[in-house]
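These notes are about the structure you will find just below.
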Amino acid sequence: MSNKRAKATASPPSIAKLLLFERDVIERCRLSRAQIYKLERLGLFPRRKKYGLLRAGWPAREIDLWIKVGADGWNAAQRAAAA
């Protein structure tokens, strides 16, 4: 009897792992919806990305970075990236 192994194929990450939706961001960042939108408008929070016609979310990597560095660090990082 031969021992056949199934090839392990790397599937692309699902959109749920790449984009966080509003309830997930509120839970992770411990901010209210109003606080998130205000900080986003001021450039102190990552911007939402469109996903389809009716959906938008925040990139998970950017939210994780924002949690790590905070609003002031995020603002500085964005200015450095733009320069």
> Can you find even one residue in the range 34-55 that is of a type in the set (Lys, Arg), without any contact (Cβ under 8 Å) to a residue 24 or more places away in the chain and buried (at least 16 other Cβ atoms within 10 Å of the Cβ)?
Replying inline: yes
> Name the residues in the range 5-42 that are closer than 28 Å to Ala80 by Cβ, modelled with pLDDT of 90 or more, part of a loop (DSSP other than H, G, I, E, B) and not hydrophobic (A, V, I, L, M, F, W, C), would you?
Replying inline: Arg30
>> Within the range 64-73, does at least one residue satisfy the condition of being in contact with a helix residue (DSSP H, G or I) (Cβ under 7 Å, 6 or more places away or on another chain), at pLDDT below 95, β-branched (Val, Ile, Thr) and surrounded by 10 or more Cβ atoms within 10 Å (Cβ to Cβ)?
In response: yes
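The values are calculated or read from the model by the stated rules, or taken from the named source; none is laboratory data. The shown structure was predicted, so the numbers you read here are calculated from the model rather than taken from an experiment. Don't worry about glycine lacking a Cβ; one is built from the backbone with ideal geometry, like all the others, and counts go over all protein chains shown.
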